[in-house]
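Colleague: Handing you this structure, nothing more for now.
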Amino acid sequence: MAGNSQRRNRRTSNKKGMQVGSGGQRRRALEGKGPTPPASARKGHAKQRAANAKAKQAATRRPAPRRGGPKGTNELVVGRNPVFEALREGVPANTLYVQQFIDNDERVREALQLAADRGGIALMEAPKPELDRMTNGLNHQGLVLQVPPYDYAHPEDLAAAAFDAGEDPLIVALDGVTDPRNLGAVVRSVSAFGGHGVVVPERRAAGMTAGAWKTSAGTAARTPVARATNLTRALESYQKAGMTVVGLAADGETELTALEALDGPVVIVVGSEGKGLSRLVGETCDIRVRIPMPGGAESLNAGVAAGVVLYEAARRRA
């Protein structure tokens, strides 16, 4: 019994008295601080300084433009005079179809000569029934010119090109303009007064047809036209880029001669002659401007209105 008592005392003699718990601190200390962070995340490390500099540059750098917009479709110019005029005005073309056994009059000879001089236009001889089928029975008079799809820009391309050149963007947007001749006239005015391009909606609006090319008098070759799937969103994107969106309206609150925004990055929005600006586009504009007309005319067509405002912008920027 005495031996058992001694063994029991030895076992209990190693026990400690009541102590305050560590609260798990020792266990957390044993767990360590996790894996070693990469060099780019270590404070003061050269790779972290390089990573911070790269991130700062990315934050201040303007995003690269989105090149290319929606594609157009092939177009046919039909008839001897229209084909001749399209070739003379430099309308892009890839194929000239000539009817077999056609009467070789002066206009036909001139069209063939222009196509040959320009180069890059294929000459195709086709029977009359084939040309009838291609033109859906229109009076083609033996000449049909195929115009390739227009290569539209993206709306962001226009502003990006101006900023890259160190210039304040000057852009015209057309809202509800359906006459290609008006589009061509606007393109011509934008080119004449140093603008950076034209934006048109993808739907319910004129596109760069052969008629628009002819009216532009060749300036469409150097003045980009962008097509927006949603004009309102395109205008909002321009606003986020620091541009002022100015809408032309007969009842605008500001007169053109008092518009100081023309000195800086600006988008001029022109509506249709009959309906003017659509509701959403009008609400998106930062300023609505009226053109003073002492003669009492109710409105101007899109081509003339855009030309007046572009002239005022060019005068202020000179």
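Colleague: What do you get for Rg/Rh of region 152-204 when both radii come from the Cα atoms and Rh is the Kirkwood radius?
Modeller: Numbers: Rg = 11.4 Å, Rh = 11.6 Å.
Expressed as Rg/Rh, it is 0.98.
Colleague: Going from most exposed to least, what order do 293, 134, 243 have by accessible area with a 1.4 Å probe? All intermediate terms of the calculation are to be shown ahead of the outcome.
Modeller: Working: 293 65, 134 40, 243 5 Å².
Most to least solvent-accessible, the answer reads 293, 134, 243.
Colleague: Let me ask you something else. What does the charge add up to near residue 101, with Lys and Arg as +1, Asp and Glu as -1, over the other residues with Cβ less than 11 Å from its Cβ? Write down the numbers at each step before the final one.
Modeller: Numbers: positive: 128; negative: 103, 125.
Counting the neighbours of residue 101, the net charge comes to -1.
Colleague: Shifting gears a bit: Checking a compactness column here: for region 187-249, what do you get for Rg(Cα) / (2.2 N^0.38 Å), N being the number of residues? Spell out each step's value before the answer.
Modeller: Values: Rg = 12.7 Å, N = 63, 2.2 N^0.38 = 10.6 Å.
Here the Cα radius of gyration is 1.19 times the empirical estimate.
Colleague: Filter the trypsin sites (Lys or Arg not before Pro) in region 176-261 to those in DSSP coil with at most 12 other Cβ atoms within 10 Å of their Cβ, and list the result.
Modeller: 203, 204, 222
Colleague: Roughly speaking, what is the stretch gain from residue 279 to residue 117, that is 0.36 nm per residue apart minus the C-alpha to C-alpha distance, in nm to one decimal? Present the calculation step by step, with values, prior to reporting the outcome.
Modeller: On the way: separation 162, 0.36 × 162 = 58.32 nm, distance 4.86 nm.
Using 0.36 nm per residue and subtracting the Cα-Cα distance, I get 53.5 nm.
Colleague: Kindly report, to the nearest 10 Å², the accessible surface of residue 237 as traced by a 1.4 Å probe over protein heavy atoms only.
Modeller: Counting only protein heavy atoms, residue 237 exposes about 50 Å² to solvent.
Colleague: Quick check for you: with a 1.4 Å probe and neighbouring chains kept, what is the accessible area per residue of region 95-222, in Å²? Let's see the in-between values first.
Modeller: Working: 6000 Å² over 128 residues.
Counting only protein heavy atoms, the per-residue value for region 95-222 is 47 Å².
Colleague: With the convex hull built on the Cα atoms of region 103-254, state its orientation-averaged projected area in nm².
Modeller: On the way: hull surface 49.2 nm².
Dividing the Cα hull surface by four gives the mean projection, 12.3 nm².
Colleague: Using 0.36 nm per residue, how much length does the chain from residue 81 to residue 230 gain when fully extended, once their Cα-Cα distance is taken away?
Modeller: Values: separation 149, 0.36 × 149 = 53.64 nm, distance 3.67 nm.
Working it through step by step, the gained length comes to 50.0 nm.
Colleague: Shifting gears a bit: Using the heavy atoms of the protein chains and a 1.4 angstrom probe, tell me the accessible area per residue for region 238-318 in square angstrom.
Modeller: Details: 4080 Å² over 81 residues.
Value for region 238-318: 50 Å² per residue.
Colleague: Now a separate question. Full-extension gain between residue 217 and residue 237, please, as 0.36 nm times their residue separation minus the C-alpha to C-alpha distance. Let's see the in-between values first.
Modeller: On the way: separation 20, 0.36 × 20 = 7.20 nm, distance 3.06 nm.
Stretched out fully, the residue 217 to residue 237 stretch lengthens by 4.1 nm.
Colleague: Next question. Round to a whole number: what % of the accessible area of region 116-198 belongs to carbon and sulfur, probe 1.4 Å?
Modeller: Details: 1800 of 3700 Å².
Its accessible area is 49 percent carbon and sulfur atoms.
The values are calculated or read from the model by the stated rules, or taken from the named source; none is laboratory data. Keep in mind the model is a prediction, meaning the values are calculated, not measured. Cβ coordinates were reconstructed from backbone atoms using ideal geometry, including for glycine residues, and neighbour counts include every protein chain displayed. Side chains are part of the model used for accessible areas, which takes the heavy atoms of the whole protein and leaves out ligands, DNA and RNA. Shrake-Rupley method; radii C 1.70, N 1.55, O 1.52, S 1.80 Å.
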